[in-house]
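**Student:** I have a structure here, written as structure tokens, and I will follow up with some questions on it.
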Amino acid sequence: MELLKIVRRRSFLSEVVYTALNLALVTAVVVVIRATESPWPALGLVLLSKWRVLAVRPRYWFVNVQANLVDYIVGVSAVVLMYGTYLSLASSTQKVFILGLLAVLYAAWLLFLKPRSKRIYVAMQAGVALFAGFGALFTFAYVLPASIVVLITWLIGYGTARHVLSSYEETHILFLSLIWGVVLAEIGWLAYHWTVAYTPLGIQSIIFPRIALSVFCIGFILHRAYDSYYHHQRIRGNDIILPILFGVSIIVVLPVLLNILGANMTVGL
């Protein structure tokens, strides 16, 4: 009994330390961005927090980096979105609100979603990385060369697909991940030349690219189709009809409604 009490005490203490360190990371990222007015120190903090990925023999580095790509994508995206908010022309109150919201979402990722390993949570992790990655990238894509944008979209596609497929007994993970990466790279190239962005919460100086919603919906539909095929050796209509309706409503119907209601949108070419 004493041993069980000690184990429980250590487990509770480790949970407290883990929570405190992650909250400290989120707080430090926000403070550093505001203090330095640069994203690079904050990105350094995020990458430094992943030191355990490289705390192994060098031959395992590539494998560990691949396994943690989704976490890298979300962390970097959080910093980029926070920095974009700080640079915006929004009022101080609006900036504080958006930065606080992003900080809470990043903390929720670190504390609640990232540690989970069930298949449904793994799919949610990939979805968050896909949405946040494209949102952050196309917020600043206009200052980047097209080749860099295409490369990053390919990396996001490869990383998210690999993350999801690793939770299944899939023998063609590399091939399927590369295909999804190529598909997103092509979509990224098109989006680089024609981007539509929303102004969330009516804050005109804050924009969020529609492409993030579009690729999230496409990814969601494909995941449900793959899951149906994996379990039934065919894609059942009942398994994908709702995801398709959801995706179409977001990709097609939502922009129409926004136009009718007075389009909180910005179009960039």
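**Student:** Of the residues in segment 103-115, how many are in contact (Cβ under 8 Å) with a residue 24 or more places away in the chain, under 14 Å from L81 (Cα atoms) and more than 12 Å from the chain's Cα centre (by Cα)?
**Tutor:** Here is the first cut: in segment 103-115, the ones in contact (Cβ under 8 Å) with a residue 24 or more places away in the chain are 103, 105-107, 109-111, 114.
Next cut, under 14 Å from L81 (Cα atoms) only: 103, 105-106.
Next, only the ones that are more than 12 Å from the chain's Cα centre (by Cα) stay: 103.
Within segment 103-115, residues that are in contact (Cβ under 8 Å) with a residue 24 or more places away in the chain, under 14 Å from L81 (Cα atoms) and more than 12 Å from the chain's Cα centre (by Cα) number 1.
**Student:** If you don't mind, another one. Consider V122 carefully, then state whether it is surrounded by fewer than 22 Cβ atoms within 10 Å (Cβ to Cβ), part of a helix (DSSP H, G or I), modelled with pLDDT of 95 or more and in contact with a His (Cβ under 8 Å, 6 or more places away or on another chain). Can you show your working first?
**Tutor:** Details: surrounded by fewer than 22 Cβ atoms within 10 Å (Cβ to Cβ): yes; part of a helix (DSSP H, G or I): yes; modelled with pLDDT of 95 or more: yes; in contact with a His (Cβ under 8 Å, 6 or more places away or on another chain): yes.
When the stated conditions are applied, V122 passes them.
**Student:** Given (1) more than 18 Å from L43 (Cα to Cα); (2) among the polar types (S, T, N, Q); (3) crowded, with 18+ Cβ neighbours inside 10 Å, where does T85 come up short, assuming only one miss?
**Tutor:** If we test T85 against (1) more than 18 Å from L43 (Cα to Cα); (2) among the polar types (S, T, N, Q); (3) crowded, with 18+ Cβ neighbours inside 10 Å, just (1) comes out false.
**Student:** Can you pull out the residues in segment 245-269 that are modelled with pLDDT of 80 or more and either of a type outside the set (A, V, I, L, M) or touching a helix residue (DSSP H, G or I) at 6+ places or on another chain (Cβ under 6 Å) (or both)?
**Tutor:** F246, G247, S249, I250, I251
**Student:** Go through segment 170-196 and count every residue that is assigned to a helix (DSSP H, G or I) and among the hydroxyl-bearing types (S, T, Y). Even if it seems obvious, please write down each step before you answer.
**Tutor:** Going through segment 170-196, the residues assigned to a helix (DSSP H, G or I) turn out to be 173-193.
Imposing the further condition that a residue be among the hydroxyl-bearing types (S, T, Y) reduces the set to 177, 192.
Residues meeting the conditions: 2.
**Student:** Just checking, which of T153, T160, T139 is more than 22 Å from Y86 (Cβ to Cβ) and in contact with a Gly (Cβ under 6 Å, 6 or more places away or on another chain)? Please lay out each step first, then the result.
**Tutor:** Values: T160 fails: in contact with a Gly (Cβ under 6 Å, 6 or more places away or on another chain); T139 fails: more than 22 Å from Y86 (Cβ to Cβ).
Of the residues listed, the single one that is more than 22 Å from Y86 (Cβ to Cβ) and in contact with a Gly (Cβ under 6 Å, 6 or more places away or on another chain) is T153.
**Student:** Sort through K5, K95, K114 and tell me the only one that's modelled with pLDDT under 90 and crowded, with 16+ Cβ neighbours inside 10 Å. Steps first, answer last, please.
**Tutor:** Working: K5 fails: crowded, with 16+ Cβ neighbours inside 10 Å; K114 fails: modelled with pLDDT under 90.
Result of the check over K5, K95, K114: K95.
**Student:** Out of I218, I156, which single residue is assigned to a helix (DSSP H, G or I), under 30 Å from Q94 (Cβ atoms) and either touching a strand residue (DSSP E or B) at 6+ places or on another chain (Cβ under 9 Å) or in contact (Cβ under 8 Å) with a residue 24 or more places away in the chain (or both)?
**Tutor:** Numbers: I218 fails: under 30 Å from Q94 (Cβ atoms).
Exactly one of I218, I156 is assigned to a helix (DSSP H, G or I), under 30 Å from Q94 (Cβ atoms) and either touching a strand residue (DSSP E or B) at 6+ places or on another chain (Cβ under 9 Å) or in contact (Cβ under 8 Å) with a residue 24 or more places away in the chain (or both), namely I156.
**Student:** Taking R224 as meeting all but one of (1) touching a Pro at 6+ places or on another chain (Cβ under 6 Å); (2) in contact (Cβ under 8 Å) with a residue 24 or more places away in the chain, write down the number of the exception.
**Tutor:** For R224, the failing item is (2).
**Student:** Could you list, in sequence order, the residues of segment 138-153 that are touching a residue at least 24 places away in the same chain (Cβ under 8 Å) and over 20 Å from I221 (Cα atoms)?
**Tutor:** Step one: of segment 138-153, the residues touching a residue at least 24 places away in the same chain (Cβ under 8 Å) are 138-142, 146, 149-153.
Passing the criteria: F138, T139, F140, A141, Y142, A146, V149, V150, L151, I152.
The values are calculated or read from the model by the stated rules, or taken from the named source; none is laboratory data. Source: prediction; values computed, not measured. Cβ: placed from backbone, ideal geometry, glycine included. Neighbour counts: every protein chain shown.
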